[in-house]
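The structure is given below, and queries will be raised subsequently.
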Amino acid sequence: MTNHLAEALGLTRTDRAERIFAEIADGRRYTYGEVDAVSNRFAAALLAMGVAPGDRVAVQVDKSIEALMLYLGAVRAGAVFLPLNTAYTPNEVAFFIEDAEPALVVCRPAAAEALAPVATRAGARLETMGVWAADGADHGTLFRHIPDEAGPVMVARGPDDLAAILYTSGTTGRSKGAMLSHDNLASNALTLVDYWRFTAADRLIHALPIYHTHGLFVASNVTLVAGGSLIWMAKFDLDAVIEALPGATAMMGVPTFYTRLLTDPRLTPERCETMRLFVAGSAPLLAETHRQFEAATGHAILERYGMTEASMITSNPYDGARRAGTVGHPLPGVALRVRDTENGAPMGAGEIGMLEVRGPNVFKGYWKLPEKTAEELSPEGWFVTGDLATIGADGYVQIVGRGKDLIISGGFNVYPKEVEGEIDRLDSVVESAVIGVPHPDFGEGVVAVVVPEAGAPRDPEAITAALAERIAKFKQPKRVIFVDALPRNTMGKVQKKALREEHAALFGA
Ligand code: AMP
């Protein structure tokens, strides 16, 4: 048996050893030959530290190309890679370590003291990893274990063996560990390379974090499969991205990347001349952003939809119409269905219901949560995404929002996205979030949290008056609250749970 994912990613291919895999902001160039050699040395170190096939390697470190090599090393060693959001506090990380029982925890040097007792309690070894630089300084204990040379390491793993556990972002509840197999990741990367036409000629701007499926799997795995190169950035920095555009061919980003780019007058069609593809996902892209970006650059952003548990699920077409406000069609090999949230009946074209997905991309279940897994993943392989959606007669999928964000006011369903869409089209508004909070008469009352345009009057009545003609009474906000910015997590998702908590007492229920 070979190592299924390492093979798909072409980690040991010799025909492209000289080619550039990553151009790093510090000036270094990583060739494919180095990817093979360095990931192999990381794999050798993991084995030497006693990491056995199937063992979890939990990693909370700053983004660096070496951290990506640690991921690839874990794949080669047959381990299960478990990346953690760098924003989590040691207290939160403690939960993940206790839950996942890793053999090895790799953390930032500054977090070692706080995490040492947690690792000890869980029986895990603790090593630290900073951002490596050629300055002779100490960049953490892990590097001391990396041999200068190592014989080839490639632990055999089949398609169904686990390659990674990614904890869900927990925007609607407790974080759960999604178990992803070698084939979940390999099949999705192969599909996307075809669908989005990635080749060895691509140069992809990589400014996403690598603890999340988008930056770790979509951007990195796709580039490895295609043999292209990454313009590797520690984070999204507006100036750096603007400067990288000439000569780049593609970018993958969360919607906030695009709204920030739009604030810069240097974003012009000329600057984007070598670009062939801008991809957005992980949170809804405002239709307005789509239009503004096309006006500024001549490029229609390709919006796609996916999630931790199923990697990429749908995508707008490469050649056909990229429709603003939709996430396109199911990817090849991926099946979708929309069902009634109450009785599971199939919904017709254009009707809103719970979106379910089946395909080689769908995960193996939640780590140590067989009951939760059984609730959301049917024996036939249908996974209940938790997203409400419609599929139009033309086959385009529209995500209406998380099921848990659905508001039930006076017995009527209110879909926040519909109300947000009506508010966002007002000239005085940048964006909005519509939530339901406890209400003594209605069960839940509709509340709109609105970010006004700079200098626009903050007049709740102007908003409610504008909506009065457009949407049914039960959908209209009972209260409008103005804020300077919506609370977002690092992937750009609006934190509706936090908003609901903040305004829970608004109606005194
Ligand atoms: P995560 O598991 O953190 O990647 O979050 C997945 C969730 O993000 C999905 O279930 C959707 O609710 C949301 N999401 C991802 N991509 C999109 C998109 N293009 N449009 C709307 N929501 C999206």
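The values are calculated or read from the model by the stated rules, or taken from the named source; none is laboratory data. All values derive from a computational prediction rather than experimental measurement. In this analysis, Cβ positions are derived from the backbone assuming ideal geometry, glycine residues included, and neighbour counts consider all displayed protein chains. Each accessible area value is taken on the protein alone, full model and side chains, heavy atoms only, with ligands, DNA and RNA left out. Shrake-Rupley method; radii C 1.70, N 1.55, O 1.52, S 1.80 Å.
How big is the C-alpha Rg of region 350-493 next to the rule-of-thumb value 2.2 N^0.38 Å, as a ratio?
Rounded to two decimals, the normalised Rg is 1.23.
Take D239 and A468, extend 7 Å from each Cα along the Cα→Cβ direction, and tell me the distance between the two endpoints in nm.
Rounded to a tenth, the inter-label distance reads 5.0 nm.
Based on the Kirkwood radius over alpha-carbon pairs, what value in µm²/s does the Stokes-Einstein equation return for the translational diffusion coefficient of the chain at 10 °C and 1.306 mPa s? Spell out each step's value before the answer.
Numbers: Rh = 24.0 Å.
Approximately 66 µm²/s, per Stokes-Einstein.
With bins 10 Å wide starting at 0, give me the P(r) of region 19-151 over every alpha carbon pair, in whole percents.
Bin by bin from 0 Å, the calculated values are 13, 45, 33, 9, 0.
Under Stokes-Einstein, with the Kirkwood radius over Cα pairs standing in for Rh, what whole-number D in µm²/s applies to region 258-383 at 37 °C and 0.692 mPa s?
Values: Rh = 16.7 Å.
Using the Kirkwood radius from Cα pairs, D works out to 197 µm²/s.
Calculated FRET efficiency, A201 and T268, Cβ-Cβ r, R0 22 Å, to nearest 0.05?
Efficiency, rounded to the nearest 0.05: 0.45.
Provide Rg and Dmax in Å for region 171-327, with only Cα atoms included in the calculation.
Over region 171-327's Cα set, Rg and Dmax evaluate to 15.0, 46 Å.
Suppose all protein chains stay in the model; what accessible area per residue would a 1.4 Å probe give for the chain, in Å²?
Heavy-atom accessible area per residue stands at 40 Å².
Let me ask something else. Bin by bin, in steps of 5 Å, what percent of the Cα pairs in region 381-424 do you find, going until the bin that has the longest distance?
Histogram of Cα-Cα distances, whole percents per bin: 5, 19, 22, 26, 18, 8, 2, 0.
Using only Cα atoms, what Kirkwood radius does region 109-250 have, in angstroms?
Taking the inverse mean of 1/r over all distinct Cα pairs, region 109-250 comes out at 18.3 Å.
Then there is this: What does the charge dipole of region 285-384 about its Cα centre add up to, to the nearest 20 debye, if the Cβ of each Lys and Arg holds +1 and the Cβ of each Asp and Glu holds -1?
It works out to roughly 280 debye.
For region 205-326, what proportion of DSSP beta bridges, expressed in % and rounded to the nearest 5, is antiparallel?
Antiparallel bridges: around 30 percent, rounded to the nearest 5.
Related question: What percentage of all Cα-Cα pairs in region 455-509 are separated by more than 12 Å?
Tail of the P(r) past 12 Å holds 75 percent of the pairs.
By how many nm would the segment from E351 to E461 grow when fully extended, if each residue of separation counts as 0.36 nm and the alpha-carbon distance is taken off?
Fully extending the segment from E351 to E461 adds 36.4 nm.
Let me ask another. How large is the convex hull of the Cα atoms of region 101-180 per residue, expressed in Å³ as a whole number? Intermediate values should be presented prior to the final figure.
Numbers: hull volume 13.1 nm³, N = 80.
For region 101-180, the hull spanned by Cα atoms encloses 164 Å³ per residue.
Hey, another quick one. Can you give the relative contact order of region 171-250 as a percent, counting alpha carbon pairs under 8 Å and 6+ residues apart?
34
Also, I was wondering about something else. Given +1 on the Cβ of Lys and Arg, -1 on the Cβ of Asp and Glu, and no further charges, what dipole in debye does region 233-284 carry about its Cα centre, rounded to the nearest 20?
Dipole magnitude for region 233-284 comes out near 160 debye.
Which parts of region 373-405 would a label at A300 reach, counting a residue when its backbone N lies under 14 Å from a point 7 Å out along Cα-to-Cβ?
From region 373-405, the list is 396-397.
Arranged from highest to lowest average of other beta-carbon atoms within 10 Å per residue, in what order do the peptides 344-354, 276-286, 4-14, 212-222 appear?
212-222, 276-286, 4-14, 344-354
Only Cα pairs under 8 Å and at least 6 apart count here; give the relative contact order of the chain as a rounded whole percent. Don't jump to the answer; show the numbers that get you there.
Details: 1058 pairs, mean separation 50.8, N = 509.
RCO, the chain: 10 percent.
Hey, another quick one. How far, in nm, would the chain grow between A110 and R339 when pulled straight, counting 0.36 nm per residue and subtracting the alpha carbon separation?
77.7 nm
Over region 218-276, what is the relative contact order in whole percent, taking alpha-carbon pairs under 8 Å and six or more residues apart?
It rounds to 39 percent for region 218-276.
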